[in-house]
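What follows is calculated from the coordinates using simple rules that are stated; it is not laboratory data. Keep in mind it's a predicted model, so treat the numbers as computed, not measured. When we count neighbours, we look across all protein chains shown, and the Cβ atoms used for this are built from the backbone with ideal geometry, even at glycine.
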Amino acid sequence: MINSFTTAIVRLPSPEMVNGLTSANLGRPDYTLALIQHQRYISALETCGLTVKVLEANNRYPDSVFIEDVALCTPACAVITNPGAASRKGETEGMKVVLSAYYQNIEHIQNPGTLEAGDVMMVGSHYYIGLSDRTNRQGADQLIQILRRYGMSGSAVPLKDVLHLKTGVSYLENNSLLVSGEFIDLPEFKKFKRIVVPANEAYAANSLWINGTVLVPEGFPETRANIETAGYTVLEVDLSEFRKLDGGLSCLSLRLPV
Ligand code: GLY
């Protein structure tokens, strides 16, 4: 089963983004350049056939541009998460109203469970859930229970080095995984065809399959070539200002699968 997408939801960057969480050591983001890059990101999603709903910036939450973390969108339901980062918890406010335009079924992750959807990777009707500093066991278990109620499944993957699961691994459909670092030899992922991201290009492990095209961050030529050799059409997107906040291609949107 190959998922496809019709709609994406993004949130404009706030000027406050310069105060976002980061471990990257790449300097302070340039807000003006971030706005330009965000607009190009939206254009790339549209090139892949998506209708993009653009939410206004939320100045109360510096990391709110990374909207992927606050909801999981499945074909059957949306799940509003409970971010593990204290400064991000309020980012879920208003998401129920936004998602109600697309979903009849909206579920919630609740305390003491925490979950950020950057830790959730959809593979058909199965969802891999990274156990990270942001997503705990209770959050993962709650999500697995929700998925089961809708005829889907989930399983937990403990993380060692990365912020979120999809920081280090991306599903490119066709039974293919783009893998880096701790995921290259992970037993759970051995059943997939694996495209290995070299250590010096680890940021590119967060690439994004959308309706047959793979969005790849600009500046990672070996990874780009490996994805093209595997038969995919590639579209590069420059995300330098979001990388400074540990953010990648998937973090900047919710994609609604059908
Ligand atoms: N700056 C993105 C995050 O740490 O969640």
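Sparse packing (at most 16 other Cβ atoms within 10 Å of the Cβ) combined with a DSSP loop state is found for the following GluC sites (Glu not before Pro) in the stretch 78-135: 93. Put the Cα centre of the stretch 1-51 next to the Cα centre of the stretch 174-199 and the gap is 25 Å. Across q = 0.18 Å⁻¹, the stretch 182-235 modelled as identical point scatterers on its alpha-carbon atoms has Debye log10 I(q)/I(0) values of -0.59, in the order of the q list. As a ratio to 2.2 N^0.38 Å, the alpha-carbon radius of gyration for the chain is 0.92. The loop-placed trypsin sites (Lys or Arg not before Pro) in the stretch 175-258, going by DSSP, that have at most 10 neighbouring Cβ atoms within 10 Å of their Cβ come out as 190, 191.
By the scheme Lys and Arg +1, Asp and Glu -1, what is the net charge of all other residues having a beta-carbon under 14 Å from that of residue 62?
Cβ neighbours under 14 Å give a net charge of 0.
For the stretch 87-101, putting each phi into the Karplus relation 6.51 cos²θ - 1.76 cosθ + 1.60 with θ = phi - 60° gives couplings of 6, 10, 4, x, 5, 6, 4, x, 6, 5, 5, 4, 6, 4, 5 Hz, in residue order, rounded to whole numbers and with x for Gly and Pro.
Would you mind giving the average projected area, over all directions, of the Cα convex hull of the stretch 110-238 in nm² with one decimal?
7.9 nm²
Couplings for the stretch 38-45, taken from phi via the Karplus curve 6.51 cos²θ - 1.76 cosθ + 1.60 with θ = phi - 60°, read 5, 5, 5, 4, 4, 4, 5, 4 Hz in order; Gly and Pro are left as x. At q = 0.13 Å⁻¹, what base-10 log of I(q)/I(0) does the Debye formula yield for the stretch 86-148 when every alpha carbon is treated as an equal point scatterer in vacuo? Debye curve over Cα of the stretch 86-148, log10 I(q)/I(0) at q = 0.13 Å⁻¹: -0.37.
Once the Kirkwood radius over Cα pairs is known for the stretch 1-68, the Stokes-Einstein relation at 4 °C and 1.567 mPa s delivers a diffusion coefficient of 99 µm²/s.
For residue 89, the lysines whose Cα comes closer than 26 Å to its Cα, not counting residues fewer than 8 places off in the same chain, are 53, 160, 166, 244. Sparse packing (at most 15 other Cβ atoms within 10 Å of the Cβ) combined with a DSSP loop state is found for the following trypsin sites (Lys or Arg not before Pro) in the stretch 93-164: 160. For the stretch 37-130, the Kirkwood estimate of hydrodynamic radius, built from reciprocal distances between every pair of different alpha carbons, is 14.3 Å.
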